[in-house]
1. Can you pull the percent of Cα pairs in the range 1-114 with separation above 23 Å?
2. Calculate, for Met23 and Phe61, the FRET efficiency according to 1/(1 + (r/R0)^6) with r their C-beta to C-beta distance and R0 25 Å; round to the nearest 0.05.
3. Sort Cys63, Cys40 so that the residue with the fewest other Cβ atoms within 10 Å of its own Cβ comes first and the one with the most comes last.
4. Want the number for Ser5 to Tyr74: 0.36 nm per residue separation, take away the alpha-carbon distance, what's left?
5. Could you compute the FRET efficiency for Leu89 and Ile116, with r as their C-beta to C-beta distance and R0 at 22 Å, rounded to 0.05?
Amino acid sequence: WNFGSLLGLCLGTQILTGLFLAMHYTSDIATAFSSVAHICRDVNYGWLIRNMHANGASFFFICIYAHIARGLYYGSYLYMETWNIGVVLLLLVMMTAFVGYVLPWGQMSFWGATVITNLLSAIPYVGNELVQWIWGGFSVDNATLT
């Protein structure tokens, strides 16, 4: 129960800090890095908001994995309906985290997106076409969000 409360607190913090960061972030290739520098230097407590958002994501997943470990330890997987809902929620959280990691343009996000999505190319017969379909072609020209 306590990890559920921590997950709720983490999620609320992530949503609030993400909204505050989105108010000052620009996703254009030419200005994305300078907008992050602007957030850290010119916005009141911008450095704190950015660090809370970045480290809060890691803490969020630590709480999720601890919650799953507790469920495994106490045999909660025997409650099939509840456990399956938890698995679906875990997959949704991971998909949301991936999208949140890929959308901002700059530094490692493009590299991370290509590495993670190119894992799909290992699927026999349809892998290469699937990667090209996700990316919309062989290359990406601009930021994901404008």
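All of the numbers you see were taken from the coordinates with simple rules; none came from a lab. Here the structure is a predicted model, which means the values were calculated and not measured. No Cβ is skipped: glycine too gets one built from the backbone with ideal geometry, and neighbour counts run over all protein chains shown.
1. Numbers: 2534 of 6441 pairs.
Beyond 23 Å sits 39 percent of the P(r) for the range 1-114.
2. Working: r = 25 Å, r/R0 = 1.00.
Result of the calculation: an efficiency of 0.50.
3. Working: Cys63 20, Cys40 14.
Taking fewest neighbouring Cβ atoms as first place, the list is Cys40, Cys63.
4. Details: separation 69, 0.36 × 69 = 24.84 nm, distance 1.87 nm.
The Ser5-Tyr74 span can extend by a further 23.0 nm.
5. Details: r = 20 Å, r/R0 = 0.92.
Plugging the Cβ-Cβ distance into 1/(1 + (r/R0)^6) gives 0.65.
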